[in-house]
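Only one structure is covered here, and it is reproduced in the block below.
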Amino acid sequence: MASPSESAVSATTMRLATSGFIDSFNPFTSIYLTPTNALRYMYENLVQYSAEDGSPTEGLAESWETEEDGARWVYKIREGMTWSDGEPITAEDVKWTYDQMMEDDLMGTANGSLVSNFESVEAPDDTTLIINLTAPQAPVPGQEIPVVPEHIWSEIDNPSEYPNDADVVGSGPYILESYSPNEGFVLKANPDFWRGAPSIDQLQYVYYTDNDASIQALRAGDIDFISGLTPQQFSALEGEEGITTSSGEGRRYTSIAINPGQVTRDGEAYGNSSPALADVEVRQAIRKGIDSQALLDNVMDGQGVHATSFVPASYETWMLPEDDPSIMEFDPEAARTQLDEAGWTEGADGIREKDGEKLTLTLQIDGSDPTEQALSEYIQPWMADIGIDLKVEATDSDTLSANTTAGNYDMYFSGWSLGPDPDYQLSINTCANLPTDTEGNGGTTQDGYCDEEFDSLYEQQRTELDHDARVELVHEMLAMNYTASVQVALYYPNQLEAYRSDRFENFTKMPTDNGIIANQSGYWGFMDVTPVGESGSGGGSQTGLWIVIGGVVVVAAIVVVVMISRRKKSADIE
């Protein structure tokens, strides 16, 4: 990767601050937010989500139709498309990609649930793809699955372990040009992208482990775009000359994961959670003891929406309604009563006991995250008020991620980003997505939840073609998960962003009404961005160099200070 200090920054290079963890750029295995978003730029799907409202729209397929009452989908692959190395994109590439996920559990780590209803895939010619389903399904097959070039990936010995961080061949609007761990990565515009090359030649992601440093870099003009601002940072940037702020309805939820006791897909227990949390009465009491509206108001400055389940309010149809009978209000007295009835009696010090064991739990937080610190300062006394001794353990994000993967936690702050259709997120709450070993590997389970009735409903909702009936099934599933209380969804945070509007314009939000720019379920955010004063002519012009060498040197200096080691956070998962 070229050092920022070694070259001038052109008018068509956008510099973005990032702090996200990167496990790899492997589209078959990565589940983390930053690489997953990069992969959306690098590889086109068979079917894409629209920027307007997330509805299905053209990807590699320009059209599709169903046969046999929805059990057979026939796609027309657009002619003339090429991979970034010039090789033609054909239906066989799509078939090869899906076949790997269907035949190899490791290749299905990230998105295997999206092909679990596939019976077979056919490519009778270069422009026709046929997906035969085991049963008709409601979501359009082929969304959210990056399609890779067969001529590259079929030559890799262990594709599930391939980092895919060099010599990348892709089909999306941008291709990974370079990656330097702990420093950043560069996406380069793909002139062969079927929708046309973006006007911005490069998206240069620069690591900042200190949010305040990235804010100062934006003010100084050393970076151009930043997302994931805290409400305080967002307010501080509002109205500053040359900077535009954006608060969009996000597609994430923030929750407290509560460890009910982790097991593998074969039922083997692992991890070291408190035995007390195996009791749903204790988990529900914790839920009733947390005032999530107060957290939204006081910690997030109201920048978000009060949560019910893990489906955010930006997908209003699917969100668990606030008046659902399963909803439990903040009620410390009810929490105390529930713990009494579960046999946890209050000791002389106010901490409850049962069978000689005190009700002591640990909340692990990322010590570098001011939001997690602020949340814990509210939650700890709330737990004491209902008789739970909650110890807050601040650690680094590497340790936190390792602990949660291994099931070694009682509680921690978590959250995922969702696409417009809830099928994927529902799927990772089924028993089939539990880990395959006692180290927590081989599955993408959200919270270690497993319920055979939930699994049965999952199969029903996926094959329910009546929209209203499917919505009812999804709400029923969310209510079940809510009642089990393996996590307490606190709020759906707005995505707070800011950019140098004196350098760039024409950002595309998703959805277009009050949506977000970065971290979309598609590749639209930077597709139409142009340097200020240059309407989107496309073609990636190198003219009009915007020389900021001095400023870039400042960037490099900051990077040296803050790059240290890139640390992954549980909240970084897609």
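The values are calculated or read from the model by the stated rules, or taken from the named source; none is laboratory data. For clarity, every value in this text was computed on a predicted model and none was experimentally measured. Neighbour counts are summed over all protein chains in view; Cβ atoms, including those assigned to glycine, are modelled from backbone coordinates with ideal geometry. Remember, those area values only see protein heavy atoms, side chains included, never the ligands or the DNA or RNA. Shrake-Rupley method; radii C 1.70, N 1.55, O 1.52, S 1.80 Å.
Tally Lys/Arg at +1 and Asp/Glu at -1 over every other residue whose Cβ is under 14 Å from the Cβ of T508; what's the total? Please report the intermediate quantities before stating the final value.
Values: positive: R40, R195, K509; negative: E52, D53, E497, E505, D513, D528.
With Lys, Arg at +1 and Asp, Glu at -1, the neighbours total -3.
State, to one decimal in nm, how far the label point of D437 lies from the label point of E119, with both points 7 Å from Cα in the Cβ direction.
Output for this residue pair reads 3.5 nm.
Once the Cα atoms of helix 211-220 and of the chain are each reduced to a long axis, what angle between those two axes, in degrees from 0 to 90 to the nearest 10, is obtained?
For 211-220 against the chain, the angle is about 30 degrees.
Quick check: at a probe of 1.4 Å, how many percent of the accessible area of the chain sits on carbon and sulfur atoms? Walk me through the intermediate numbers first.
Values: 9710 of 21720 Å².
That share works out to 45 percent.
Let me spell out the model: positive unit charges on the Cβ of Lys and Arg, negative unit charges on the Cβ of Asp and Glu, origin at the Cα centre of region 108-191. What dipole size does that give, in debye rounded to 20? If you can, show how the numbers build up before the last one.
Values: 1 positive and 13 negative charges, 66 e Å.
Dipole magnitude for region 108-191 comes out near 320 debye.
Probe of 1.4 angstrom, ligands and nucleic acids ignored: what's the accessible area per residue over region 219-362, in square angstrom? Let's see the in-between values first.
Numbers: 6120 Å² over 144 residues.
Per residue, region 219-362 has an accessible area of 42 Å².
Not counting ligands, DNA or RNA, and with a 1.4 Å probe, what is V532's accessible surface area in Å² rounded to the nearest 10?
Approximately 70 Å² of V532 is accessible to the 1.4 Å probe.
HN-Hα J couplings of region 433-446 from phi, Karplus 6.51/-1.76/1.60, θ = phi - 60°, integer Hz, Gly and Pro as x?
Values per residue, Gly and Pro as x: 9, 5, x, 9, 9, 7, 9, x, 8, x, x, 10, 4, 6 Hz.
Contour minus end-to-end for T134 and T483, with contour as 0.36 nm per residue of separation and end-to-end as the Cα-Cα distance?
Working: separation 349, 0.36 × 349 = 125.64 nm, distance 3.12 nm.
Here the answer is 122.5 nm.
Can you list the HN-Hα couplings for region 269-284, worked out from phi with the Karplus curve (6.51, -1.76, 1.60; θ = phi - 60°), rounded to whole Hz and with x for Gly and Pro?
Those phi angles translate into 6, 8, x, 10, 5, 5, x, 4, 7, 6, 8, 4, 5, 5, 5, 5 Hz.
So how much slack lies between D266 and Q216, counting 0.36 nm per residue of separation and subtracting their Cα-Cα distance, in nm? Working shown, then result.
Numbers: separation 50, 0.36 × 50 = 18.00 nm, distance 5.02 nm.
Stretched out fully, the D266 to Q216 stretch lengthens by 13.0 nm.
Return the sequence-ordered ³J(HN,Hα) values of region 390-399 in whole Hz as given by the Karplus equation 6.51 cos²θ - 1.76 cosθ + 1.60 applied to θ = phi - 60°, using x for Gly and Pro.
9, 9, 9, 10, 7, 9, 7, 5, 4, 5
Using a Förster distance of 22 angstrom, determine the FRET efficiency expected from the C-beta separation of N298 and I31, and round it to 0.05.
Computed FRET efficiency for N298 and I31 comes out at 0.10.
Just one of (1) 32.6; (2) 25.3; (3) 30.4 is mean projected area of the Cα convex hull in nm² calculated from these coordinates, so which is it?
Label of the calculated value: (2).
Please list 197-204, 439-446, 87-94 highest first by mean number of surrounding beta-carbon atoms within 10 Å per residue.
Order by mean packing, descending: 197-204, 87-94, 439-446.
Within region 429-453, whose backbone N sits under 19 Å from a point 7 Å along Cα→Cβ of D104?
Zone members listed by number: 436-437, 441-444.
Using the alpha-carbon atoms, what tilt in degrees (0 to 90, nearest 10) does helix 33-42 show relative to the longest principal axis of the chain?
20 degrees
How much length would be gained if the chain were fully extended between E79 and E281, taking 0.36 nm per residue of separation minus their Cα-Cα distance, in nm to one decimal? Can you show the working numbers first?
Details: separation 202, 0.36 × 202 = 72.72 nm, distance 5.82 nm.
Fully extending the segment from E79 to E281 adds 66.9 nm.
Given +1 on the Cβ of Lys and Arg, -1 on the Cβ of Asp and Glu, and no further charges, what dipole in debye does region 319-375 carry about its Cα centre, rounded to the nearest 20?
Numbers: 4 positive and 16 negative charges, 58 e Å.
Dipole about the Cα centre, nearest 20: 280 debye.
Counting only DSSP beta bridges with both residues in region 316-452, what percent are antiparallel, rounded to the nearest 5?
On the way: 4 of 13 bridges.
In region 316-452, approximately 30 percent of DSSP beta bridges are antiparallel ones.
So how far apart, in nm, are the two label points at A166 and D323 if each is 7 Å from Cα heading toward Cβ?
6.1 nm
Taking the Cα atoms only, what angle lies between the long axis of helix 549-563 and the longest principal axis of the chain, rounded to 10 degrees?
30 degrees
What FRET efficiency would be calculated for the residue pair D69, K354, taking the C-beta separation as r and a Förster radius of 56 Å, to the nearest 0.05?
Here the calculated transfer efficiency is 0.55.
Go ahead and estimate [θ] at 222 nm for the chain from helices alone: -39,500 (n - 2.57) per DSSP H run with n ≥ 4, summed, over the residue count, rounded to 500. Show your work: numbers first, answer last.
Working: 14 runs with 145 residues, N = 574.
Mean residue ellipticity at 222 nm (helix-derived): -7500 deg cm²/dmol.
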